Amino acid sequence: MAKKQLLGRLLAGGLLLAAFALPCPVASAEEEEERSLWLFETTCVSNGPGRWRRETEDISVSRAVYRSYMFMGPGSRSVSLACRIRGENSENPENPENSKDAKKPFQSLQLEFGMRDTQRESPYNTVIVYLDGQQSASETVAAGEKVYFALDVSEVQNIALETVCSSGAGYCDRVYFFNASLSTEPAISPATSPEELLEEFPEDLPEELPEELPEALEIYPETTPDEPLEESPDESSDLLPELP
C-alpha cells in the first residue's frame with residue numbers, strides 16, 4: 001500500500017513539472033517590430049509657456065469615459081511638442097539618432113483628443129499638427145467634445161503638435177489625448193459627411209425638366225378635364241358563362 005501511495009505522489013509531481021515546462025507563447029521580434037509606438041516615446045522637445053505631461057487618467061467627455069495618456073495645457077497662450085520619428089541619415093546604421101524605433105516603417109499618425117465635460121466655461125482650444133514644419137491639420141475642440149483623425153507620415157521625419165488657447169485673456173483647460181500613436185497601418189480618412197457628398201455633385205444640373213419628354217416616357221396621352229377617359233372594353237365578360 002505504501003509503495004502505491006509513493007508511486008502516485010511521484011506521478012503527480014511529474015505531471016506538475018511537465019505543466020510548468022510547457023513553452024509559453026512569446027511575441028517574435030518581427031511582431032514586436034510591427035507594434036505601434038506612442039508619439040511621446042520618440043525624441044521630443046516642448047516649447048511655449050504652457051505645459052504638457054505624460055499622465056494616465058480617466059476623464060469624462062460627452063458623458064462617456066475615456067482613458068487619457070497625455071495632456072497639453074496651453075493656459076492662456078499655447079504649448080507645443082516637436083518630435084523626431086526618423087533619423088536624419090537613416091542609411092547610416094552607426095548614426096546614434098537611428099534607433100530601432102526611428103527606423104520603423106511608420107505610415108500614419110493616429111490622433112484622438114478632447115476636453116472634459118466639467119470645464120464648460122473654458123474657452124475652446126485649437127490643435128495644430130505640423131509635418132516637417134508645414135501645417136497639415138487644424139482642429140478646434142471645446143469642453144465636452146472629442147476629435148479623431150489620421151495623417152499620412154510615411155515620408156515625414158518630424159511631427160509637431162501645438163495647442164493654442166482661443167482667448168488671450170481667459171484660461172483654457174487642458175486637451176487630453178486618448179491616442180497619439182504612430183502606426184504601421186496606412187491612414188484611413190474619416191467617413192464622408194453629407195455636406196461633402198453634396199459638394200461632389202456638378203453645379204450645372206438643369207433646374208427644370210425639358211418640355212418634350214422622350215417617347216418612351218409618354219405612357220399616357222395628354223387629356224383635358226373636359227375629355228372623359230375612354231374606357232377599355234371588358235373582355236373578361238365574354239369568358240363568364242351566362243346565367244339561366
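What follows is calculated from the coordinates using simple rules that are stated; it is not laboratory data. This structure is a prediction, so every number in the text was calculated from the model and none was measured. Here the Cβ is made from the backbone with ideal geometry for all residues, glycine too, and neighbour counts use every protein chain on show.
The table below lists the values:
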read-out	value
Farthest positive-ward along the range 134-181 dipole, Cα basis, beta-carbon charges - from Val147, Gly170, Gln135	Gly170
Part-to-part distance (alpha-carbon centres) for the range 127-148 and the range 36-80, which is given in Å	13
